[in-house]
1. Decide, for segment 14-66, between rounded, prolate and oblate: order the square roots of the alpha carbon gyration tensor eigenvalues as a ≥ b ≥ c, take rounded if a/c falls under 1.5, and otherwise choose prolate if a/b is larger than b/c, else oblate.
2. Leaving out ligands, DNA and RNA but keeping every protein chain, what accessible area does Asp3 have, in Å² rounded to the nearest 10, with a 1.4 Å probe?
3. Fully extended, how many nm does the chain gain between Leu165 and Asp131 (0.36 nm per residue separation, minus their Cα-Cα distance)?
4. Two decimals is fine: what's Rg over Rh for the chain, C-alpha atoms, Kirkwood radius as Rh?
5. Once you have the Cα-Cα distance between Phe79 and Glu145, take 0.36 nm times their residue separation minus that, and quote the gain in nm to one decimal.
6. So who's got an amide H within less than 5 Å of the one on Phe27, skipping anything under 5 residues away but keeping other chains? H placed 1.01 Å off N, in plane.
7. State the percentage of accessible surface on the chain attributable to carbon and sulfur atoms; use a 1.4 Å probe and exclude ligands, DNA and RNA.
8. Relative to the present Cα-Cα distance, how much length would full extension add between Glu101 and Asp192 at 0.36 nm per residue of separation?
Amino acid sequence: KKDIKFIPFGVDNNFWRAKKVKLEEEFIFAIGNDNSRDWETLIDAWDHSLPKLKIVTSKPLKIKKSNIQIIKGDWRHNFLTDEQIRALYNGSTFVVVPLRETIQPSGQSVSLQAMSCGKPVIMSRISGLWDHSKLIHKENIFLVEPENSLLLNRSIKELLSDGGLHEKLSKNGRELVNTRYNVRNMAMVLEDYL
(Lines give C-alpha, C1' and ligand atoms only; values in the text may rest on other atoms or scores of the structure.)
Protein backbone atom coordinates (compact mmCIF):
# COMPACT_ATOMS: atom_id res chain seq x y z
CA LYS A 1 0.00 0.00 0.00
CA LYS A 2 3.04 2.26 -0.29
CA ASP A 3 4.25 4.04 -3.38
CA ILE A 4 7.45 2.58 -4.76
CA LYS A 5 9.72 4.80 -6.79
CA PHE A 6 12.01 3.23 -9.35
CA ILE A 7 15.31 4.94 -10.06
CA PRO A 8 16.88 3.47 -13.21
CA PHE A 9 20.52 2.53 -12.70
CA GLY A 10 22.92 4.24 -15.05
CA VAL A 11 26.54 4.32 -16.14
CA ASP A 12 28.73 7.21 -17.24
CA ASN A 13 28.24 6.98 -20.99
CA ASN A 14 30.82 9.72 -21.56
CA PHE A 15 33.52 7.53 -20.01
CA TRP A 16 32.25 4.13 -21.16
CA ARG A 17 32.43 4.82 -24.87
CA ALA A 18 33.56 3.12 -28.04
CA LYS A 19 37.22 3.69 -28.76
CA LYS A 20 39.45 2.06 -31.37
CA VAL A 21 42.11 -0.17 -29.84
CA LYS A 22 44.90 -2.11 -31.52
CA LEU A 23 43.92 -5.78 -31.54
CA GLU A 24 46.54 -8.45 -31.05
CA GLU A 25 43.96 -11.25 -31.19
CA GLU A 26 40.22 -11.76 -31.33
CA PHE A 27 38.67 -12.36 -27.91
CA ILE A 28 35.39 -12.39 -26.07
CA PHE A 29 35.25 -10.70 -22.69
CA ALA A 30 33.60 -11.50 -19.34
CA ILE A 31 34.06 -9.73 -16.01
CA GLY A 32 32.61 -9.85 -12.50
CA ASN A 33 32.95 -10.96 -8.92
CA ASP A 34 29.45 -11.20 -7.52
CA ASN A 35 28.18 -14.55 -6.29
CA SER A 36 25.59 -14.79 -9.06
CA ARG A 37 28.27 -15.08 -11.78
CA ASP A 38 28.13 -18.56 -13.29
CA TRP A 39 31.70 -19.06 -14.39
CA GLU A 40 31.33 -22.84 -14.39
CA THR A 41 28.64 -22.78 -17.09
CA LEU A 42 30.62 -20.31 -19.19
CA ILE A 43 33.81 -22.38 -18.95
CA ASP A 44 31.89 -25.56 -19.75
CA ALA A 45 30.33 -23.83 -22.80
CA TRP A 46 33.75 -22.82 -24.16
CA ASP A 47 34.91 -25.33 -26.75
CA HIS A 48 38.17 -25.39 -28.74
CA SER A 49 36.54 -23.82 -31.84
CA LEU A 50 35.78 -20.54 -30.06
CA PRO A 51 38.15 -17.57 -29.91
CA LYS A 52 40.00 -16.71 -26.72
CA LEU A 53 37.86 -15.91 -23.68
CA LYS A 54 39.27 -13.35 -21.25
CA ILE A 55 37.68 -13.46 -17.78
CA VAL A 56 38.42 -10.77 -15.22
CA THR A 57 37.54 -11.94 -11.70
CA SER A 58 38.98 -12.45 -8.24
CA LYS A 59 37.15 -15.78 -7.91
CA PRO A 60 39.40 -18.86 -7.94
CA LEU A 61 38.68 -20.70 -11.20
CA LYS A 62 40.16 -23.99 -12.37
CA ILE A 63 40.81 -23.82 -16.09
CA LYS A 64 42.22 -26.54 -18.30
CA LYS A 65 41.31 -24.95 -21.64
CA SER A 66 44.04 -23.20 -23.63
CA ASN A 67 41.64 -20.63 -25.13
CA ILE A 68 40.57 -19.21 -21.73
CA GLN A 69 42.63 -16.60 -19.89
CA ILE A 70 41.95 -15.50 -16.31
CA ILE A 71 42.94 -11.95 -15.36
CA LYS A 72 42.88 -11.07 -11.67
CA GLY A 73 40.50 -8.21 -11.09
CA ASP A 74 38.55 -6.65 -8.24
CA TRP A 75 37.35 -3.03 -8.23
CA ARG A 76 37.73 -2.78 -4.45
CA HIS A 77 41.47 -3.42 -4.76
CA ASN A 78 41.92 -1.62 -8.09
CA PHE A 79 43.89 -4.45 -9.75
CA LEU A 80 42.80 -2.93 -13.07
CA THR A 81 41.97 0.70 -13.71
CA ASP A 82 38.69 1.71 -15.32
CA GLU A 83 40.72 2.72 -18.37
CA GLN A 84 42.18 -0.79 -18.62
CA ILE A 85 38.72 -2.34 -18.27
CA ARG A 86 37.35 0.01 -20.92
CA ALA A 87 40.18 -1.08 -23.23
CA LEU A 88 39.19 -4.73 -22.67
CA TYR A 89 35.56 -3.94 -23.53
CA ASN A 90 36.62 -2.06 -26.63
CA GLY A 91 39.08 -4.74 -27.73
CA SER A 92 36.56 -7.55 -27.42
CA THR A 93 34.24 -8.94 -30.06
CA PHE A 94 31.41 -8.93 -27.51
CA VAL A 95 30.75 -9.44 -23.80
CA VAL A 96 29.20 -12.43 -22.00
CA VAL A 97 27.51 -12.08 -18.59
CA PRO A 98 26.75 -15.63 -17.34
CA LEU A 99 24.46 -15.67 -14.31
CA ARG A 100 22.90 -18.23 -12.00
CA GLU A 101 19.12 -18.01 -11.67
CA THR A 102 18.31 -15.35 -9.08
CA ILE A 103 15.63 -12.78 -8.35
CA GLN A 104 18.33 -10.25 -7.46
CA PRO A 105 19.42 -7.95 -10.28
CA SER A 106 22.92 -8.92 -11.33
CA GLY A 107 25.26 -7.97 -14.14
CA GLN A 108 23.86 -4.45 -14.55
CA SER A 109 27.12 -2.51 -14.44
CA VAL A 110 28.98 -4.84 -16.78
CA SER A 111 26.13 -5.08 -19.29
CA LEU A 112 25.55 -1.34 -19.40
CA GLN A 113 29.25 -0.47 -19.56
CA ALA A 114 29.69 -2.91 -22.47
CA MET A 115 26.62 -1.58 -24.27
CA SER A 116 27.81 1.98 -23.73
CA CYS A 117 31.09 0.98 -25.41
CA GLY A 118 29.06 -0.31 -28.35
CA LYS A 119 29.61 -4.00 -27.59
CA PRO A 120 26.86 -6.60 -27.93
CA VAL A 121 26.04 -8.44 -24.69
CA ILE A 122 24.99 -12.04 -24.17
CA MET A 123 23.42 -12.31 -20.72
CA SER A 124 21.49 -14.97 -18.80
CA ARG A 125 17.73 -14.38 -18.76
CA ILE A 126 17.31 -14.46 -14.97
CA SER A 127 14.18 -13.63 -12.98
CA GLY A 128 16.08 -10.63 -11.58
CA LEU A 129 16.57 -9.04 -15.00
CA TRP A 130 16.29 -5.38 -14.03
CA ASP A 131 13.99 -4.23 -16.83
CA HIS A 132 12.06 -6.88 -18.76
CA SER A 133 10.28 -4.23 -20.83
CA LYS A 134 13.43 -2.49 -22.10
CA LEU A 135 15.96 -5.34 -22.43
CA ILE A 136 14.70 -7.07 -25.55
CA HIS A 137 16.18 -10.33 -26.85
CA LYS A 138 17.95 -9.89 -30.20
CA GLU A 139 17.02 -6.20 -30.31
CA ASN A 140 19.44 -4.64 -27.81
CA ILE A 141 20.74 -7.68 -25.88
CA PHE A 142 21.07 -11.43 -26.47
CA LEU A 143 19.34 -13.31 -23.65
CA VAL A 144 19.97 -16.99 -22.98
CA GLU A 145 18.48 -19.33 -20.39
CA PRO A 146 20.67 -19.51 -17.27
CA GLU A 147 22.80 -22.46 -16.21
CA ASN A 148 22.72 -24.16 -19.62
CA SER A 149 26.16 -24.51 -21.21
CA LEU A 150 24.79 -26.01 -24.46
CA LEU A 151 22.45 -23.07 -25.08
CA LEU A 152 25.17 -20.60 -24.10
CA ASN A 153 27.58 -22.24 -26.56
CA ARG A 154 24.99 -22.01 -29.36
CA SER A 155 24.28 -18.36 -28.53
CA ILE A 156 27.98 -17.46 -28.63
CA LYS A 157 28.40 -19.18 -32.00
CA GLU A 158 25.28 -17.50 -33.38
CA LEU A 159 26.51 -14.04 -32.43
CA LEU A 160 29.98 -14.79 -33.80
CA SER A 161 28.56 -15.85 -37.17
CA ASP A 162 25.77 -13.28 -37.61
CA GLY A 163 27.32 -9.92 -38.47
CA GLY A 164 23.92 -8.27 -38.90
CA LEU A 165 22.81 -9.28 -35.42
CA HIS A 166 26.16 -8.18 -34.00
CA GLU A 167 25.77 -4.74 -35.57
CA LYS A 168 22.13 -4.42 -34.48
CA LEU A 169 22.88 -5.28 -30.83
CA SER A 170 25.87 -2.94 -30.82
CA LYS A 171 23.89 0.02 -32.14
CA ASN A 172 20.69 -0.57 -30.14
CA GLY A 173 22.53 -1.33 -26.89
CA ARG A 174 24.48 1.91 -27.09
CA GLU A 175 21.28 3.82 -27.88
CA LEU A 176 19.52 2.27 -24.86
CA VAL A 177 22.27 3.48 -22.54
CA ASN A 178 22.35 6.93 -24.15
CA THR A 179 18.58 7.39 -23.81
CA ARG A 180 17.79 5.60 -20.55
CA TYR A 181 20.52 3.91 -18.49
CA ASN A 182 23.02 6.69 -17.91
CA VAL A 183 24.04 8.67 -14.83
CA ARG A 184 22.37 11.85 -16.12
CA ASN A 185 18.94 10.16 -16.24
CA MET A 186 19.58 8.44 -12.93
CA ALA A 187 20.36 11.82 -11.30
CA MET A 188 17.30 13.52 -12.84
CA VAL A 189 14.94 10.82 -11.57
CA LEU A 190 16.52 10.96 -8.11
CA GLU A 191 16.34 14.76 -8.03
CA ASP A 192 12.68 14.66 -9.11
CA TYR A 193 11.91 12.14 -6.37
CA LEU A 194 13.68 14.16 -3.67
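The values are calculated or read from the model by the stated rules, or taken from the named source; none is laboratory data. Since we're looking at a predicted model, the values are computed, not measured. Quick note on the areas: whole protein, heavy atoms, side chains included, nothing else; ligands and nucleic acids left out. Shrake-Rupley method; radii C 1.70, N 1.55, O 1.52, S 1.80 Å.
1. Working: a/c = 2.51, a/b = 1.28, b/c = 1.97.
Oblate.
2. Taking all protein chains as shown, Asp3 has close to 140 Å².
3. Taking Leu165 through Asp131 to full extension adds about 10.1 nm, to one decimal.
4. Details: Rg = 16.3 Å, Rh = 17.1 Å.
Here the Rg-to-Rh quotient is 0.96.
5. Details: separation 66, 0.36 × 66 = 23.76 nm, distance 3.13 nm.
Here the segment from Phe79 to Glu145 would lengthen by 20.6 nm.
6. For Phe27, whose amide H was placed from the backbone, the distant partners under 5 Å are Thr93.
7. The nonpolar share, carbon plus sulfur, comes to 50 percent.
8. Fully extending the segment from Glu101 to Asp192 adds 29.4 nm.
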